[in-house]
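First comes the structure, then the notes that go with it.
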Amino acid sequence: MKLKYYEIDEKKLLQEAKRGKKVAIKMPEGLQPYAGKIIEFLKKEGVEVYLLMDSCYGACDFVERSDLDRIICIGEAEMPYLRRAYSPPVSFIEARYDFDAEFMEEVIPFIKGKKLGMASITPFAHMLEECASHLRQRGYEVKIGGKGRRTAHDGQILGCDLSSALMISHDVDEFIFLGDGFFHPIGLFMATGKRVIVADPISKKIYGEEVEARAERVLKRRYAIMTKAMECRKVGIIVSRKIGQRRMSLAKKIKKMMEKNGKEAAIILMDEVRETIDYLDFDCYVCTACPRIALDDDARYKKPVLTPVEAEIIAGEREWENYEFDQIL
Ligand code: SF4
């Protein structure tokens, strides 16, 4: 079945939808306009499902629900280490974008080194090996990192998990990121320190130098936010119940660290971080949930929202020059 640019496996969808009596489908915002089409398809096959409109930022984004006996997540790839922990169980139907690996010919003029690393995200990660062999035939040495506990595919990276790229970065000159958007490439650049070429298979646009410039802008913004946070007396430490974002022990560690540093600190339980945090009587926040909340959504909040790494810096437990992208590993 075609959803926007992506394909999903109808047979698997139907098979998974038949595995429960109270089944709901859930999908990221970009695929939600196709929810009716999916429900209609299943209905014609004799299967009735609900539409679950909880947030859907990734395979991490699930809370316990006793009203359902299965959730079908359309679009995302599973996080293998959570397979037995989801409650109710979750079936993942990945959305894939197929394209011709000839696209690598357009990338070649942007390449500077000979040893390349490749990384990608869910809809494109299945194409990594084909693209890598195309480049190998053109004389490049190409490496793809393995999968991890949070990733289902070799070469797959998440906003919060760059381990696939880190395992090969010592042995490559630069990376090619196959995918759209700049959040993942910026993380890739910050974590590995290597040049990152962005090759977007949908728009067919390629960016050679953009990532480093954007990463510098992000860092400048983060330094300004951390400087502001250094003045704060009362710190709220946000903990989410979402199964792949829950970091309570880290939150407790940060609370102790802040108190040792002479600040007042409290833990705030919050699954969806919203602008309402600006009205609470805390001066700044440390978000232990998804790193994107602090790094990508910073313009939404008037008060500083820090990552745990940034909290260590403002508490004097880490040097400013040892700044790192927050990862949930
Ligand atoms: S970056 Fe955030 S939304 Fe994406 S997988 Fe990690 S925790 Fe989940």
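The values are calculated or read from the model by the stated rules, or taken from the named source; none is laboratory data. This structure is a prediction, so every number in the text was calculated from the model and none was measured. Glycine gets a Cβ as well: all are built from the backbone with ideal geometry, and neighbour counts include every protein chain shown. When the accessible area is computed, the model is the full protein with side chains, heavy atoms only, and any ligands, DNA or RNA have been set aside. Shrake-Rupley method; radii C 1.70, N 1.55, O 1.52, S 1.80 Å.
Does the range 192-303 come out rounded, prolate or oblate by the C-alpha gyration tensor, with a ≥ b ≥ c the root eigenvalues, rounded set by a/c under 1.5 and, if not, prolate when a/b is larger than b/c and oblate if not? Walk me through the intermediate numbers first.
Details: a/c = 2.24, a/b = 1.83, b/c = 1.22.
Prolate, since a/c reaches 1.5 and a/b exceeds b/c.
Quick check for you: with a 1.4 Å probe and neighbouring chains kept, what is the accessible area per residue of the chain, in Å²?
Details: 15410 Å² over 329 residues.
Using a 1.4 Å probe on heavy atoms only, each residue of the chain averages 47 Å².
Considering only protein heavy atoms and a 1.4 Å probe, what is the carbon-and-sulfur percentage of the accessible area of the chain? Show your work: numbers first, answer last.
Numbers: 7530 of 15410 Å².
Solvent-exposed carbon and sulfur of the chain make up 49 percent of the total.
Specify the inter-centroid distance of the range 284-329 and the range 20-92, based on alpha-carbon positions, in whole Å.
So the separation of the two Cα centres works out to 30 Å.
Tell me, what is the 1.4 Å probe accessible area of PHE189, in Å² to the nearest 10?
40 Å²
Among 119-127, 36-44, 207-215, 298-306, how do they line up from the highest to the lowest mean number of other beta-carbon atoms within 10 Å? Please report the intermediate quantities before stating the final value.
On the way: 119-127: 23.4, 36-44: 14.2, 207-215: 16.0, 298-306: 17.7.
Descending packing order for the listed peptides: 119-127, 298-306, 207-215, 36-44.
Please report the accessible area of HIS184 (heavy atoms, 1.4 Å probe, ligands and nucleic acids excluded) in Å², nearest 10.
About 30 Å², rounded to the nearest 10.
Determine the order of LYS234, LYS114, LYS12, LYS21 by accessible area, beginning with the largest, at a probe radius of 1.4 Å.
Details: LYS234 60, LYS114 115, LYS12 85, LYS21 185 Å².
Solvent-accessible surface, decreasing: LYS21, LYS114, LYS12, LYS234.
Assuming a ≥ b ≥ c are the square roots of the Cα gyration tensor eigenvalues, decide whether the range 28-117 counts as rounded (a/c under 1.5), prolate (otherwise, with a/b larger than b/c) or oblate.
Details: a/c = 3.17, a/b = 1.84, b/c = 1.73.
Prolate, since a/c reaches 1.5 and a/b exceeds b/c.
Too long at a 31 Å Cα-Cα cut-off: which of LYS253/LYS303; LYS26/LYS194; LYS255/LYS302; LYS220/LYS263; LYS220/LYS260; LYS2/LYS115?
On the way: LYS253/LYS303 22 Å; LYS26/LYS194 36 Å; LYS255/LYS302 22 Å; LYS220/LYS263 25 Å; LYS220/LYS260 28 Å; LYS2/LYS115 36 Å.
Beyond 31 Å between Cα atoms: LYS26/LYS194; LYS2/LYS115.
Using a 4.7 Å cut-off between beta carbons, which cysteines in the chain end up with no partner cysteine at all?
CYS56, CYS60, CYS73, CYS131, CYS160, CYS287, CYS290
Cα atoms only, the chain: Rg and Dmax in Å?
Values for the chain (Cα only, Rg and Dmax): 21.0, 63 Å.
What does the C-alpha gyration tensor say about the overall shape of the range 101-208? Classify as rounded when a/c is under 1.5, otherwise prolate if a/b is larger than b/c, or oblate. All intermediate terms of the calculation are to be shown ahead of the outcome.
Working: a/c = 1.35, a/b = 1.26, b/c = 1.07.
Rounded.
Given the rule -39500 (n - 2.57) for each run of at least 4 DSSP H residues, summed and divided by the residues of the chain, what is its mean residue ellipticity at 222 nm, to the nearest 500 deg cm²/dmol? If you can, show how the numbers build up before the last one.
Details: 11 runs with 95 residues, N = 329.
After summing the helix terms and dividing by the residues of the chain, the value is -8000 deg cm²/dmol.
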